[in-house]
Amino acid sequence: MERRALGKGISALIPEKGSSVKNEINYVQPDQIKPNPFQPREEFDQQHIAELAQSIKEKGIIQPLLVRSKGDYYELIAGERRLRACNLLGLKEIPIIVKDVDDRDSLEYALIENIQREDLNPIEEAHAYQHLMDKFQVTQEKISEALGTARSTIANTLRLLKLPHEIQNELKKGRISFAHGRALLEIEDENLQRRLAQEIISKGLSVRELENLLKARRPKALKRRVSSGGTEPYVAVLEEELQHVLSTKVRVTKRNKRGHILIEFYSQEDLERIAGIIRGGKK
């Protein structure tokens, strides 16, 4: 399950435990598999499920689902998108690998797949990080090191959970971006946050336009402190958004109208992954 492309890998967070693992592939009926109760993903894009189903129809299931035995049925550990795609196709049997794991291990595998292999929305990602911290007493620094992402990005992703639930729902739906949410955190008034969130949606405000609105509302003393702080707020937000999208450390340096973007990678596989995202592909 470990994806070595990102930092040191999620296994750096949680030491390997001596659970019995069976790598033998078996075939079972989809209705014999129950959902993973530890699944951190809350939203499933039906279009992506349909695209995955078409890929499975053409090429088959390349990677078996991971499950654990629960009496007369199996409980899914990782692979819910694949299971949904198989159900959409009406497949009679699907490949599985049975792992002898406890609840803690099941949660671990679910988090691994979702953080490193799936495109979680920002709120789901924040909940996944919170799960790691609450269940395994993992620090933000360790998550940052393992995922190859700046600690500030981890912290600001977690801070999204402080936004009103209405705005969190808009982040889940993709109508407000991570960078928009990050900028809204500058405001303490929740009602103002809500009004600006609706303005972002209704007027299609860019992050720069939102920053300009926020800048106009700042007290003059705060404006002076921000302007003397070095990095422009918009550039800082953009830097964090790029780190979030690329799942790696990104540095944006800007002087006047020019500058450069530094993107870190940790292996040839990671370089190809990042290049794929930039070209418009998936992680």
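The values are calculated or read from the model by the stated rules, or taken from the named source; none is laboratory data. These figures come from a predicted structure and were not determined experimentally. Cβ atoms come from the backbone with ideal geometry, glycine included; neighbour counts cover every protein chain shown.
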Sole exception among (1) modelled with pLDDT under 85; (2) assigned to a helix (DSSP H, G or I); (3) not β-branched (V, I, T) for E43, by number: (2)
message: When you scan the stretch 49-60, do you find a residue that is surrounded by fewer than 19 Cβ atoms within 10 Å (Cβ to Cβ), at pLDDT below 85 and not basic (K, R), even just one?
response: no
field: Top-ranked residue of the stretch 84-127 - restricted to ones that are among the basic types (K, R) and at pLDDT below 85, ranked as nearest to the chain's Cα centre (by Cα)
entry: R117
task: With respect to L238, determine if the residue is closer than 15 Å to N156 by Cα and either among the polar types (S, T, N, Q) or at pLDDT below 90 (or both).
output: yes
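One line per residue, one yes/no per condition, for (1) under 16 Å from K99 (Cβ atoms); (2) of a type outside the set (S, T, Y); (3) within 24 Å of the chain's Cα centre (by Cα):
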| residue | (1), (2), (3) |
| --- | --- |
| V28 | yes, yes, no |
| I33 | yes, yes, no |
| N36 | yes, yes, yes |
| R41 | no, yes, yes |
| D45 | no, yes, yes |
| I49 | no, yes, yes |
| S55 | no, no, yes |
| I62 | no, yes, yes |
| L66 | yes, yes, yes |
query: Given I123, I154, I167, which one is within 30 Å of Y266 (Cα to Cα) and touching a Lys or Arg at 6+ places or on another chain (Cβ under 8 Å)?
result: I123
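Residue check: is G204 at pLDDT 90 or above and either surrounded by 15 or more Cβ atoms within 10 Å (Cβ to Cβ) or in contact with an Asp or Glu (Cβ under 6 Å, 6 or more places away or on another chain) (or both)? Talk me through it step by step, then tell me what you get.
Working: at pLDDT 90 or above: yes; either surrounded by 15 or more Cβ atoms within 10 Å (Cβ to Cβ) or in contact with an Asp or Glu (Cβ under 6 Å, 6 or more places away or on another chain) (or both): no.
Criteria not met by G204.
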query: In the stretch 140-189, what count of residues is obtained for those that are exposed (fewer than 14 other Cβ atoms within 10 Å of the Cβ) and farther than 17 Å from N121 by Cβ?
result: 3
field: Only listed residue being at pLDDT 85 or above, among the acidic types (D, E) and within 22 Å of R251 (Cβ to Cβ), chosen from E170, E186
entry: E186
query: Tell me, which residue of the stretch 129-143 that is free of Cβ contacts under 8 Å to residues at least 40 places away in the same chain and assigned to a helix (DSSP H, G or I) is farthest from S106 (Cα to Cα)?
result: E141
statement: Matching residues in the stretch 84-106 (surrounded by fewer than 20 Cβ atoms within 10 Å (Cβ to Cβ) and in a helix (DSSP H, G or I)) number 7
- prompt: Given the structure, is R175 of a type in the set (D, E, K, R), part of a loop (DSSP other than H, G, I, E, B) and within 19 Å of V207 (Cβ to Cβ)?
  reply: yes
field: Tabulated pairs, the stretch 152-172, first in contact (Cβ under 8 Å) with a residue 40 or more places away in the chain, second of a type in the set (A, V, I, L, M, F, W, C), C-beta under 6 angstrom, 6+ apart or interchain
entry: T157/A126; Q168/I123; L171/I123; K172/I123
message: For the stretch 64-83, give me each residue that is over 18 Å from I49 (Cα atoms), touching a Gly at 6+ places or on another chain (Cβ under 9 Å) and in a loop (DSSP other than H, G, I, E, B).
response: none
